[in-house]
Amino acid sequence: MLHPIDRERQIIYCDRAIEVRPLGLREAGALFDAVRQSMQAISQWEAWCTPDYGLPDAKLFLQRAIEQWQVHAAYDFNIIDRTNGLVIGSVAVNQVSQLNQMANLGYWVREGYTGRGIAAVAARAAAAFAFAKTGLTRLEIVAQAGNLRSQRVAEKTGATLECLARNRLVFHGEPRDAKVFSLVPADLGRPVPVHD
């Protein structure tokens, strides 16, 4: 059973370096800037990230994200650098299936901030939020077979690799194989795997 969630006041994670909080319309410019700076890296794996991505796209995305939150269809969060207020990434619980109590978990981090474990921390925070506040019992991280960075983040969250799924994603009209990882509530109680 879903409970009302006060999205404006919900900070789901905070430490000395970062804060993870729901998206707000006021952050359209900052989100646009983060995407533009990271265009080359993100566009390799995400079809929404194209060279013509503009500020109107960021505003539309934020408006839709807020609407989807209100109907429990998706929960999107910005990752904020607490030292300078920059949007340095995003994490989302989306493609929610209430029937199966599951959803997808996705993330990206701004260029210049990758390799610091930020995506894994934010992903675990979003997973903890989803399991505690939305009634979901399974999250899937679906990464294109060649997206080793995303797979590494999935491993660092403590997710279990379940399979290489053929034609699991469509990317610019072409089917792509993807690795499917899962997180369930019990996984968050386990220590995060340590990798070199």
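The values are calculated or read from the model by the stated rules, or taken from the named source; none is laboratory data. Because the structure is predicted, anything quoted here is derived from the model rather than measured. Counting neighbours? That spans all protein chains shown, and the Cβs are built from the backbone with ideal geometry, glycine included. Note: accessible area is taken over every heavy atom of the protein model, side chains too, but ligands, DNA and RNA are not part of it. Shrake-Rupley method; radii C 1.70, N 1.55, O 1.52, S 1.80 Å.
Would you pick out the residues in the range 81-130 that are aliphatic (A, V, I, L, M), within 18 Å of MET39 (Cα to Cα) and surrounded by fewer than 23 Cβ atoms within 10 Å (Cβ to Cβ)?
The answer is LEU86, VAL87.
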inquiry  = Residues that are closer than 18 Å to PHE131 by Cβ, part of a helix (DSSP H, G or I) and either modelled with pLDDT under 95 or open to solvent by 50 Å² or more (accessible area, probe 1.4 Å) (or both): does the range 160-183 have at least one?
reply    = no
message = I want to confirm something. Restricting to the range 40-80 and keeping residues that are more than 17 Å from the chain's Cα centre (by Cα) and assigned to a loop (DSSP other than H, G, I, E, B), which single residue is surrounded by the fewest Cβ atoms within 10 Å (Cβ to Cβ)?
response = ASP52
ask   = Considering the range 82-105 alone, what residues qualify as being under 16 Å from the mean Cα position of the chain (by Cα) and either at pLDDT 95 or above or closer than 18 Å to LYS133 by Cβ (or both)?
value = VAL91, ALA92, VAL93, ASN94, GLN95, VAL96, MET102, ALA103, ASN104, LEU105
remark   = Subset of the range 61-75, residues closer than 20 Å to ASN100 by Cα and of a type in the set (A, V, I, L, M), comes to VAL71, ALA73, ALA74
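Given the options GLU162, GLU155, name the one that is among the acidic types (Asp, Glu), touching a strand residue (DSSP E or B) at 6+ places or on another chain (Cβ under 7 Å) and more than 19 Å from CYS14 (Cα to Cα).
GLU162
Per-residue answers, yes or no, for (1) closer than 18 Å to ALA65 by Cβ; (2) in contact with a Gly (Cβ under 9 Å, 6 or more places away or on another chain):
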| position | (1), (2) |
| --- | --- |
| ALA92 | yes, yes |
| LEU99 | no, no |
| ASN104 | yes, no |
| GLY112 | no, no |
| ALA145 | no, no |
| LEU164 | no, no |
| ASN167 | no, no |
request  = Just give me the residues in the range 16-28 being over 16 Å from the mean Cα position of the chain (by Cα), open to solvent by less than 40 Å² (accessible area, probe 1.4 Å) and not charged (D, E, K, R), in sequence order.
outcome  = ALA28
Filter result (touching a helix residue (DSSP H, G or I) at 6+ places or on another chain (Cβ under 8 Å), open to solvent by 10 Å² or more (accessible area, probe 1.4 Å) and over 26 Å from ARG16 (Cβ atoms)) within the range 131-143 = THR137
key: Residue match in the range 16-26 (condition: closer than 30 Å to THR137 by Cα, of a type in the set (Asp, Glu) and part of a helix (DSSP H, G or I))   = no
